[in-house]
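Colleague: Here it is, the structure, as structure tokens.
The values are calculated or read from the model by the stated rules, or taken from the named source; none is laboratory data. Quantities reported herein were computed from a predicted structural model and do not represent experimental measurements. Positions of Cβ are backbone-derived with ideal geometry, glycine not excepted, and every protein chain shown enters the neighbour counts. Accessible surface areas use protein heavy atoms only, side chains included; no ligands, DNA or RNA. Shrake-Rupley method; radii C 1.70, N 1.55, O 1.52, S 1.80 Å.
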Amino acid sequence: MAQTSSLIKTLKKQLKAHGKTYADIALLLELSEASVKRLFAEENFTLHRLEKICHSMGLELSDLMQTMVNTQNSVSQLSWEQEEIIVSDMLLLMITVCITNGYTYNDLFAQYQLDEHACIQKLAILDRLKIIDLLPGNRIKLRVAPDFSWIKKGPIQQFFQSKIEKDFFNSQFDKNNESLVVLNGLLSERGNLEFQKRMRRLAREFSDLCAEDKSLSIDQRHGTTMVVAMRQWQYSLFENYQK
């Protein structure tokens, strides 16, 4: 039963990643939405139905099972202490960011000037932290889950946020590979929450495109950062005019 639960949990994550809803699955299986919700709650799917759902996402049933296995053996988030270890060492932090973005050992040296001994030392630390398995020949097996994330307001997130305003926005955003959109308007709470959902969908699309490009060589891929933010906020210059 534990494996069944893990498989259904993996299925739910895949459906969310592909933008599929219970209503979509109900239409696919020719069932009511209530029946589909019951199937998920009871974790009671036939193989035929599972295959049909997988095919609607362009997956084989074996792909779903492999994803489940990979997820079970992977890390979704580090501890606070582990993040502190990484952020306290700039070289280790750089290598960690590269590796979690899919760099191979050779990619690191193609992109950066590194001391081989120092690099292997840092990779050994990541191996001890269970972020990677460092295999013979310095091959790297990434152990982070597809939904891996840094701790909210944790050491690494705090570090990068402290650098974003100064470094990231130090640009005119006038090149072909740059874009800056600043919007301002009046939104209800409902409208705000709906747009946040669309932002999360956009983030998933960004991740999907990164995954699609993994087959390309490192010289065809470029470090790209997207910042999408939204909050209820007004310029501080206007504060004196507030009632």
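Colleague: Could you derive backbone 3J(HN,Hα) for the stretch 195-201 from the dihedral phi with the Karplus parameters 6.51, -1.76 and 1.60 (θ = phi - 60°), listing whole Hz in sequence and x where the residue is Gly or Pro?
Modeller: 5, 4, 4, 5, 5, 5, 5
Colleague: Could you give the dipole magnitude of the chain about its Cα centre, charging the beta-carbon of Lys and Arg +1 and that of Asp and Glu -1, in debye to the nearest 20?
Modeller: Rounded to the nearest 20 debye, it is 700 debye.
Colleague: In whole Hz, what ³J(HN,Hα) sequence does the stretch 23-38 give by Karplus (6.51, -1.76, 1.60; θ = phi - 60°), x for Gly and Pro?
Modeller: Each residue of the stretch 23-38 in turn: 5, 4, 5, 4, 5, 5, 8, 6, 10, 7, 4, 5, 5, 5, 4, 5 Hz.
Colleague: Nothing charged except the Cβ atoms of Lys and Arg (+1) and of Asp and Glu (-1): what's the magnitude of the dipole of the stretch 8-143 about its Cα centre? Round to the nearest 20 debye. Walk me through the intermediate numbers first.
Modeller: Working: 15 positive and 17 negative charges, 85 e Å.
That gives a dipole near 400 debye.
Colleague: Taking GluC sites (Glu not before Pro) as candidate sites, keep only those in a DSSP loop with at most 16 other Cβ atoms within 10 Å, then name the longest stretch of the chain containing none of them. Please report the intermediate quantities before stating the final value.
Modeller: On the way: sites that count: E30, E43, E60, E178.
The answer is 61-177.
Colleague: Moving to a separate point now. Non-local amide H neighbours of I132 (under 5 Å, H modeled in plane, Pro and chain starts lacking H): which ones?
Modeller: Correct list: D127, R143.
Colleague: Go through the stretch 112-218 and name the trypsin sites (Lys or Arg not before Pro) that are in a DSSP coil and have 13 or fewer other Cβ atoms within 10 Å of their Cβ.
Modeller: Sites meeting the loop and neighbour criteria: K152, K153, K175.
Colleague: Return the carbon/sulfur percentage of the accessible area of the chain, one whole number, probe 1.4 Å, all protein chains in place. Don't jump to the answer; show the numbers that get you there.
Modeller: On the way: 8980 of 17610 Å².
Percent of accessible area from carbon and sulfur atoms in the chain: 51.
Colleague: Next up: Where does each of L11, L216 land when they are ordered by accessible area, with a 1.4 Å probe and the largest first?
Modeller: Sorted descending by solvent-accessible area, the residues read L216, L11.
Colleague: Let me ask something additional. For a quick check of your reading of the filter: which chymotrypsin sites (Phe, Trp or Tyr not before Pro) in the stretch 78-138 sit in a DSSP loop and have no more than 16 other Cβ atoms within 10 Å?
Modeller: Taking the stretch 78-138 and a limit of 16 other Cβ atoms within 10 Å, the loop chymotrypsin sites (Phe, Trp or Tyr not before Pro) found are Y112.
Colleague: Quick one: Cα centre-to-centre distance for the stretch 84-157 and the stretch 201-216, in angstrom?
Modeller: When both Cα centres are located, 20 Å separates them.
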